[in-house]
Amino acid sequence: MLKKDLRIKYSRLRSSLTPTEISQNSITIANSVLKLPIWDMQYFHIFLPIAQKSEIDTEGIISILLGLDKNVIVPKIISSTELEHYLLTDNTKFTTNTLNIPEPIDGITVEPKKIDVVFIPLLAFDKGGNRIGYGKGYYDRFLSECREDVIKIGLSFFEAEIEIDDVDTTDIPLDYCVTPFKTYSFISS
């Protein structure tokens with residue numbers, strides 16, 4: 001399927017989820033993340049969900065990370081093409097931007113090269129580890145600024161499509177994708 005068709009399909013599927021389904025599936029995904037081989041890492045970047053778009057609630061994963069004394073980094077949109085990344089602390093204050101995304105007002109910035117693991121929002125992904133988001137390219141640009149060995153983890157309420165037909169050369173594939181039912185690994189051994 002083409003990206004534009006997948007965006008429509010998965011936006012509809014997500015909007016049909018009840019708040020209970022979102023909550024329960026988000027908890028299941030957080031528990032599955034505990035089984036990934038990432039816990040010797042220190043710097044974890046995670047998105048904050050857009051509630052109006054029925055995104056995965058990442059609060060459970062953030063709680064796990066903070067409980068394990070990991071450095072948690074959250075994004076902030078600073079232009080039409082660019083994200084800035086802030087260390088989450090007890091003093092971090094949030095606002096909601098024009099896209100209804102919660103983001104830090106200010107704080108301690110963290111350079112992308114320092115980040116070990118990135119949890120990536122997505123609408124859909126395929127069995128090759130390709131993902132699609134909302135089409136603005138923020139995460140592909142951000143990931144291109146990270147180290148080559150950064151671990152990229154998608155989080156999805158739904159299982160993999162067979163193939164995204166119009167993958168672009170600038171699209172950066174996932175290493176893992178965690179769903180309520182399965183964890184996909186795209187790392188070749």
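The values are calculated or read from the model by the stated rules, or taken from the named source; none is laboratory data. Note that this is a predicted model, so its numbers are computed, not measured. Quick note on the areas: whole protein, heavy atoms, side chains included, nothing else; ligands and nucleic acids left out. Shrake-Rupley method; radii C 1.70, N 1.55, O 1.52, S 1.80 Å.
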From the protein chains alone at 1.4 Å, what is the descending order of accessible area for L155, L88, largest first? L88, L155
Out of the DSSP beta bridges found with both residues in the chain, what percent are antiparallel (nearest 5)? 50 percent
Expected output is a single nm value to one decimal: the length gained when fully extending between N91 and D106, i.e. 0.36 nm times separation in residues minus the C-alpha distance. What is it? 4.4 nm
Could you identify which residue out of I77, I151, I29 has the top mean-square fluctuation in a GNM of the chain using Cα springs shorter than 10 Å? I77
Quick one: which of K53/K114; K4/K70; K9/K114 span more than 32 angstrom between C-alpha atoms? K4/K70; K9/K114
Exposure rank, largest accessible area first [M1, M41; 1.4 Å]: M1, M41
Most mobile listed residue (T98, T179, T58) in the chain, GNM with C-alpha springs under 10 Å: T98
For the chain, what does the accessible surface come to per residue with a 1.4 Å probe? Please give it in Å². 52 Å²
Given a 1.4 angstrom probe, I'd like the percentage of the accessible area of the chain that is carbon and sulfur, rounded to a whole number. 52 percent
Sequence of D149, D57, D69 when ordered by accessible area, the most exposed leading, probe 1.4 angstrom: D69, D149, D57
Would you calculate a helix-derived [θ] at 222 nm for the chain, using -39,500 (n - 2.57) for each DSSP H run of n ≥ 4 and dividing by the full residue count, to the nearest 500? -7500 deg cm²/dmol
Area of T109 that stays accessible when all protein chains are in place (1.4 Å probe, Å², to 10): 70 Å²
Excluding residues on the same chain fewer than 8 positions from K182, give the lysines whose Cα lies under 20 Å from its Cα. K35, K127, K152
